[in-house]
Amino acid sequence: MHNPTELQKIIEDAITQLAYPNKPANLYEPIKYIMSLGGKRIRPVMVLMAAELFTEEVSKALDVALAIETFHNFTLVHDDIMDNAPLRRGKQTVHEKWGVNNAILSGDVMMVESNKHLSKVHISVLKPVLDTFNQTAQGVCEGQQLDMEFETRSDVSIDEYIEMIRLKTAVLLGGAMKLGAIVGGADEKNSALLYQFGENLGVAFQLQDDILDVYGDPEKFGKQVGGDIIANKKTFLHLKANALIKAEETEILFGNHQSAEHKVAAVTELYDNYSIRNLAELEMEKYASAAFAALEKINIATEKKENLRTLASQILNRNS
């Protein structure tokens, strides 16, 4: 079996060999650009790892892995437009470089490219592959819609937030695992367990992201610490604090501050006073435990699951 680094190399090599038409240049150059920006390629690696649990022919799952990575990058192009983000992985976003209209259309073509990759799987698994991919893609779009709606709502519950991150982030990890299992030849029970593993891992991953946004080391985390606080994002920490604070402390969480730096410091102190970080970590651990429990139930040799266990531990133990 391949380790995650070896599978990442397989994915990178496959991406560099992808051929897109040369014309219209403003349609296809953005696709080449966003696909070449790198990243950890976690989702396509998970496709290949899931497939390798059931087959030695990892190449069976390569087209599905490319479909998942292309779809993921398509969502990034459109998310960056909606967020008006200037940078992606330290480089200009597609809409900044080519304009919003070109970015929208290039993103649309990336969805077409994803389906072209999926159409290459063996006919015996084509329907379950397409059904799983479409359900996954629709869930991601639903999650993004909920996230946007939360920006203008003051009554978002923690349960609603968990459902939003399940859709926006976690279903793609679950879908990646299930797709890999299907093309690898897994039965329905094992495929479902791998979906549960990926989805619960995805929720835990996003909860950890919420925690690191406040308490992470910016050099290691790669983002501005306190960005969610400055943007008034309704993260788990924000919603939990809002449910626990006294009425007179509401101004700290929602009020205007002298500066962004002052706001981050004040809200972080509020979180500390109510042990919000600890509560968020307990919630994260609940989903992580559910992920590992699903992995344990998969009916294959324990040693075959070791690489997945290691990858999950790495995902959930990022530097803080």
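The values are calculated or read from the model by the stated rules, or taken from the named source; none is laboratory data. Note that the coordinates shown come from a computational prediction; the quantities given were computed from them, not determined experimentally. Counting neighbours? That spans all protein chains shown, and the Cβs are built from the backbone with ideal geometry, glycine included.
Only one of the numbered conditions (1) under 20 Å from the mean Cα position of the chain (by Cα); (2) surrounded by 13 or more Cβ atoms within 10 Å (Cβ to Cβ); (3) not in a helix (DSSP H, G or I) is not met by residue 8, and that is (3).
With a requirement of 1 or more residues that are within 20 Å of the chain's Cα centre (by Cα), the helices (runs of 4 or more DSSP H) lying completely within segment 223-290 that satisfy it span 227-230, 236-244. Scanning segment 138-164 for residues that are farther than 18 Å from residue 206 by Cβ and in a helix (DSSP H, G or I) yields one hit, 138.
Are any of the residues in segment 171-179 surrounded by fewer than 23 Cβ atoms within 10 Å (Cβ to Cβ), over 12 Å from the mean Cα position of the chain (by Cα) and in contact (Cβ under 8 Å) with a residue 24 or more places away in the chain? No - not one qualifying residue is present in segment 171-179. Exactly one residue out of 18, 27 is part of a helix (DSSP H, G or I), surrounded by fewer than 18 Cβ atoms within 10 Å (Cβ to Cβ), hydrophobic (A, V, I, L, M, F, W, C) and at pLDDT 95 or above, and it is 27.
The residues on offer are 143, 107, 99, 90, and the sole one that is within 14 Å of the chain's Cα centre (by Cα) and farther than 28 Å from residue 302 by Cα is 143. Checking 48, 62 one by one, the residue that is within 17 Å of the chain's Cα centre (by Cα), at pLDDT 95 or above, within 26 Å of residue 195 (Cβ to Cβ) and crowded, with 16+ Cβ neighbours inside 10 Å is 48 and no other. Among residues that are out of contact with any helix residue (DSSP H, G or I) (no Cβ under 6 Å at 6 or more places or on another chain) and part of a loop (DSSP other than H, G, I, E, B), residue 192 is not included.
As a summary of the residue check, residue 208 satisfies the conditions (1) in a helix (DSSP H, G or I); (2) within 22 Å of residue 152 (Cα to Cα) except for the one numbered (2).
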